[in-house]
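The structure appears below as structure tokens.
The values are calculated or read from the model by the stated rules, or taken from the named source; none is laboratory data. Note that this is a predicted model, so its numbers are computed, not measured. When we count neighbours, we look across all protein chains shown, and the Cβ atoms used for this are built from the backbone with ideal geometry, even at glycine.
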Amino acid sequence: MAHNVIVGQSGGPTAVINASLAGVFSKARELGADRIYGMINGIEGLLNGKYCDLEEKITSKEDLSVLCQTPSSFLGSCRFKLPEPEAGNEIYDKLFNILAELEIEVFVYIGGNDSMDTIKKLSKYAGLIGSTIKFMGAPKTIDNDLAVTDHTPGFGSAAKYIATVIKEIIRDSYVYNLKSVTVVEIMGRNAGWLTGASVLAKGTDCPGPDLIYLPEVPFDMDNFVAKVKKLTEEKGNVVVAVSEGVTLADGRNICEIDGEIEGLDAFGHKILSGAASFLAKYLAKNLGVKTRAIELNTPQRAASHIASLTDVQEAFMTGAFAVQGGFSGKTGEMAIICRNEGEYKSYADSFDINKIANEVKQVPIEWICEDGTYVTDEFVSYVLPLIQGEPQLIYKNGLPAHLSL
Ligand code: F6P
């Protein structure tokens with residue numbers, strides 16, 4: 001029997017998801033895998049027979065280094081929900097036939113909550129039909145909302161980008177001597193980890209954002225307007241960080257107030273966008289001050305030019321750990337990051353996927369200030385180590401080089 005590995009990437013990408021792919025690839029090679037396949041566009045692509053031989057795509061040490069600094073999913077992604085596993089199901093039959101043809105021993109899926117649902121279902125189905133294929137998850141998500149793991153690869157780099165950009169936005173906002181409000185919208189549907197990370201802009205050279213709103217606390221429009229009004233009167237220029245997932249007490253997202261949202265994705269998540277734009281217009285109308293809306297949008301998950309070295313290394317580590325776990329006989333688990341007590345140090349382990357898939361880890365309420373408009377020092381202590389270090393980038397024609405499929 002061949003020792004073959006197949007790896008896929010799924011869900012929204014990050015700046016370091018390909019470092020996890022590089023970790024899977026390198027470790028699989030080191031452990032003597034015969035073939036290392038990549039699913040193209042995740043499990044959805046695989047179902048349509050789309051995969052590649054990764055050794056034909058990553059052909060040198062430099063390719064591997066460039067892969068680690070290439071943002072977005074090298075193999076392409078999907079948001080594809082598998083049905084509940086039951087013996088004889090057509091989709092599972094098809095998938096397991098493809099995996100049998102490719103003589104797969106270890107299957108690694110790099111993704112967030114929804115992708116871990118895929119690993120959970122595939123490992124359960126393998127159990128139902130007596131398949132020996134090992135199914136392992138490798139974590140990724142800028143949202144940092146996966147349970148059990150201390151944090152997720154992708155979060156540290158997005159946090160570093162956000163804090164950097166917020167610092168620059170605050171500088172720019174002070175340039176004119178007039179009252180102004182800048183509202184910055186940050187990703188994170190159900191958890192405010194990333195929006196909270198805007199606090200890291202604060203230091204001896206920057207006052208940091210004035211207000212930070214997370215989805216963990218219901219948003220009160222009147223209170224918001226009153227707070228911003230007071231701040232503009234006191235200091236003139238105000239910068240607000242707001243999560244795309246912030247909701248009113250009645251459950252509506254900010255971006256749903258003045259219209260319909262764009263719809264739902266395959267997992268039933270609302271497609272969110274427009275909170276900053278709505279709030280900026282609302283403030284301009286109600287306070288008569290100059291306002292700007294900035295939606296950080298995809299750059300926050302693609303900005304590998306300012307990735308955190310810690311994040312890149314941990315992404316690699318979890319990818320490697322997942323494939324190693326599979327080869328050592330583990331299945332239905334996800335690689336996790338554990339943090340040592342004291343000075344920051346991390347190491348990998350793995351954990352039962354059933355305790356992780358479909359769970360959402362939010363910011364602990366005690367790390368959010370009482371009035372819901374800022375985060376605490378504990379939050380800062382948690383995030384600060386994750387943005388440390390800068391990778392040495394390889395440049396081509398003055399720009400960071402990327403590896404393409
Ligand atoms: O994967 C997480 C995430 O980046 C969220 O923060 C964001 O709301 C969502 O994905 C966006 O999804 P899509 O890539 O489908 O636009």
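Figures for the structure shown
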| read-out | value |
| --- | --- |
| Residue within the range 263-271 that is within 21 Å of I162 (Cα to Cα) and surrounded by 14 or more Cβ atoms within 10 Å (Cβ to Cβ) present | no |
| Scan of the range 177-213 for residues that are within 15 Å of the ligand (Cβ to nearest atom) and outside any loop (DSSP other than H, G, I, E, B), ordered by number | V184, E185, I186, W193, L194, T195, G196, A197, S198 |
| Odd one out for I91, checked against (1) touching a Phe, Trp or Tyr at 6+ places or on another chain (Cβ under 8 Å); (2) more than 30 Å from Y395 (Cα to Cα); (3) at pLDDT 95 or above | (1) |
| Subset of the range 236-252 [closer than 23 Å to D143 by Cβ and either of a type in the set (D, E, K, R) or away from the ligand (no atom under 11 Å from the Cβ) (or both)] | V239, V240, A241, V242, E244, V246, T247, L248, A249, G251, R252 |
| Any chance E86 is part of a strand (DSSP E or B) and either within 16 Å of the ligand (Cβ to nearest atom) or of a type in the set (D, E, K, R) (or both) | no |
| Scan of the range 40-81 for residues that are part of a loop (DSSP other than H, G, I, E, B), among the hydrophobic types (A, V, I, L, M, F, W, C) and either under 14 Å from F25 (Cβ atoms) or out of contact with any helix residue (DSSP H, G or I) (no Cβ under 7 Å at 6 or more places or on another chain) (or both), ordered by number | I40, I58, F74, L75 |
| Out of E314, E216, E233, sole residue that is within 30 Å of D349 (Cβ to Cβ), in the same structural domain as I166 (by TED's automatic domain parsing) and more than 14 Å from the ligand (Cβ to nearest atom) | E216 |
| Matching option when the condition is in the same structural domain as T204 (by TED's automatic domain parsing), out of contact with any strand residue (DSSP E or B) (no Cβ under 9 Å at 6 or more places or on another chain) and on the phi < 0 side of the Ramachandran plot, among K167, K179, K160 | K160 |
| Condition check for S65: surrounded by fewer than 22 Cβ atoms within 10 Å (Cβ to Cβ), of a type in the set (S, T, N, Q), more than 16 Å from the ligand (Cβ to nearest atom) and touching a residue at least 12 places away in the same chain (Cβ under 8 Å) | yes |
| Complete set of residues in the range 1-20 that are buried (at least 24 other Cβ atoms within 10 Å of the Cβ) and over 15 Å from the mean Cα position of the chain (by Cα) | V5, I6, V7, G8 |
| Residues (of a type in the set (D, E, K, R) and touching a residue at least 24 places away in the same chain (Cβ under 8 Å)) located in the range 267-293 | K270, K290, R292 |
| One residue from V225, V246, V238 being buried (at least 22 other Cβ atoms within 10 Å of the Cβ), in the same structural domain as W193 (by TED's automatic domain parsing) and more than 16 Å from G188 (Cα to Cα) | V238 |
